[in-house]
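These notes are about the structure you will find just below.
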Amino acid sequence: MTDRRREEVAVTGLGLITPAGVGVPDTWEALCAGVPTAAKDPELEGLPIDFSCRVRNFDAADVLGRRLTWRTDAFIHLAVATAREAVADAGLDTGAWEGERVGVVVGVGATSQQSCPREYPKLMRGLYSTLTPTLVPRSVPNMAAGEIAIDLGAGGPNLGTSTACASGATAIGVARDLIASGACDIVIAGGSESARNSAFTALPFWRMGALSGRGDDPAGASRPFDADRDGFVLGEGAGMMVLERADHARARGARVHALLCGYGATADAHHPIAPHPTGEGARRALRSALTDADLAPGDIGHVNAHGTSTQQNDLIEGRVLCDVFPGRPPVTATKSIIGHALGAAGAIEAVCAVLSLVHQRIHPTANLDRQDPAIDLDIVAKVPRETALEAVASCSLGFGGQNAVLVFRTP
């Protein structure tokens, strides 16, 4: 690493709900075990794709109360619950904090796939008086951030980001910029999505050939960087961080998990769905994040890859990582275990990257039985790898040519 040190943004709290577990400890333990969570999904029964990665053992009414649960949809339930966990982990007292200096930024990829499909048939049949009056506030993407602010009393800037599957990573980058601008002392940032159980999501992805067709072997379906990959598996979940001005965190004696020191965002400006054939946009995002962090490629000890398990994405991302990181730092793909949580994926994977720094451990990539010979990466497979880490990167890519990269380092 270089000697120069700027005032960076501290990560003081973490929250996770994923198909691997409810809460950070359970999720991390399951990720390190490396057992895929994909299974038959009763809510997709009868569809051409009838399996997904589901969040289990999460009772929203028990955690959030019946009133909040009734008036909101699943992506909001996950967002509020993980925000609460992150704030508690940060040791913050919401009753005592200066709420107008606390912001919220949450990435969500789409409108709710829970209420909208249920209400559309009423609209089409002309049953206007039966439409729920709560449809808009329970379904529009910004309400994840809005409900967190209401729940926790965060009166600062309140934003939703929507950059497809990079939404959660974009939210964390925007939150970092809010702190750097002086607008906030603290920002709760991350992503949330629950769309795996909707035909409105599953069928369009299936029609475009993006989903794995391994219905006879759901657990083996998500296989990033494997030669036999055939698409991703729909998932769901949420990941949140408490970001804080480093001097603010020090003044209150907070535990600092990591420092968010770099953020890079670019557009491919190429195609609505396909990544740029040379990966130029992703490459620029990676290099921009390294420059922002004042780090050289050799300083990065681990990369949490976007790793969707689609043919084109994995090949192009693999080549970009080889190009930017000639030293071949170890790479893992979280989606191999928990599927693709769409707008929440980047935030979940950023939290995992921070956990790798905290534990000095990289969770494995599942289902890597025969690495694609065209992808010359050092992929952590089957079992976790203990290694000394000082800085890590998390990469997120999305439809529309969205690219977002986050870089974290040890405090």
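The values are calculated or read from the model by the stated rules, or taken from the named source; none is laboratory data. Source: prediction; values computed, not measured. Don't worry about glycine lacking a Cβ; one is built from the backbone with ideal geometry, like all the others, and counts go over all protein chains shown.
Details
- The set of residues in region 216-228 that are among the charged types (D, E, K, R) and under 21 Å from the mean Cα position of the chain (by Cα) contains only Arg223.
- The single condition among (1) surrounded by fewer than 17 Cβ atoms within 10 Å (Cβ to Cβ); (2) touching a residue at least 24 places away in the same chain (Cβ under 8 Å); (3) more than 21 Å from the chain's Cα centre (by Cα) that Arg207 does not meet is (2).
- Thr201 being over 24 Å from Val405 (Cβ atoms), out of contact with any Asp or Glu (no Cβ under 7 Å at 6 or more places or on another chain), in contact (Cβ under 8 Å) with a residue 60 or more places away in the chain and among the polar types (S, T, N, Q): yes
- Screening region 24-48 for residues that are of a type in the set (A, V, I, L, M) and within 22 Å of Ser192 (Cβ to Cβ) and picking the one that is farthest from the chain's Cα centre (by Cα) gives Leu44.
- Contact map, region 1-17: residues that are at pLDDT below 50 paired with residues that are crowded, with 22+ Cβ neighbours inside 10 Å, Cβ distance under 8 Å, separation 6+ or inter-chain. Pairs shown: Met1/Ala391; Met1/Arg409.
- Of all residues in region 91-123, those satisfying the criterion of being within 20 Å of Ala344 (Cβ to Cβ) and outside any helix (DSSP H, G or I) are Gly103, Val104, Val105, Val106, Gly107, Val108, Gly109, Ala110, Thr111, Ser112, Gln113, Gln114.
- Candidates Ala265, Ala282, filtered to the one that is part of a helix (DSSP H, G or I) and touching a residue at least 60 places away in the same chain (Cβ under 8 Å): Ala282
- Subset of region 69-84 [surrounded by 18 or more Cβ atoms within 10 Å (Cβ to Cβ) and either assigned to a helix (DSSP H, G or I) or hydrophobic (A, V, I, L, M, F, W, C) (or both)]: Thr69, Ala74, Phe75, Ile76, His77, Leu78, Ala79, Val80, Ala81, Thr82, Ala83, Arg84
Residue by residue, here is whether (1) surrounded by fewer than 19 Cβ atoms within 10 Å (Cβ to Cβ); (2) of a type outside the set (A, V, I, L, M, F, W, C) holds:
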position: Ala86; (1), (2): no, no
position: Gly107; (1), (2): no, yes
position: Ala110; (1), (2): no, no
position: Tyr128; (1), (2): yes, yes
position: Pro141; (1), (2): no, yes
position: Ile150; (1), (2): yes, no
position: Thr170; (1), (2): no, yes
position: Arg176; (1), (2): no, yes
position: Gly191; (1), (2): no, yes
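- Residue in region 9-21 that is more than 30 Å from Pro297 (Cβ to Cβ) and more than 20 Å from the chain's Cα centre (by Cα) present: no
- Gly156 being at pLDDT 95 or above, in contact with a helix residue (DSSP H, G or I) (Cβ under 7 Å, 6 or more places away or on another chain), in a loop (DSSP other than H, G, I, E, B) and closer than 18 Å to Val106 by Cα: yes
- When the criteria are applied in full, Glu43 fails the requirement of being surrounded by fewer than 20 Cβ atoms within 10 Å (Cβ to Cβ), without any contact (Cβ under 8 Å) to a residue 40 or more places away in the chain and not in a strand (DSSP E or B).
- Region 233-284 - residue that is aliphatic (A, V, I, L, M) and touching a Phe, Trp or Tyr at 6+ places or on another chain (Cβ under 8 Å) and, of those, surrounded by the fewest Cβ atoms within 10 Å (Cβ to Cβ): Ile273
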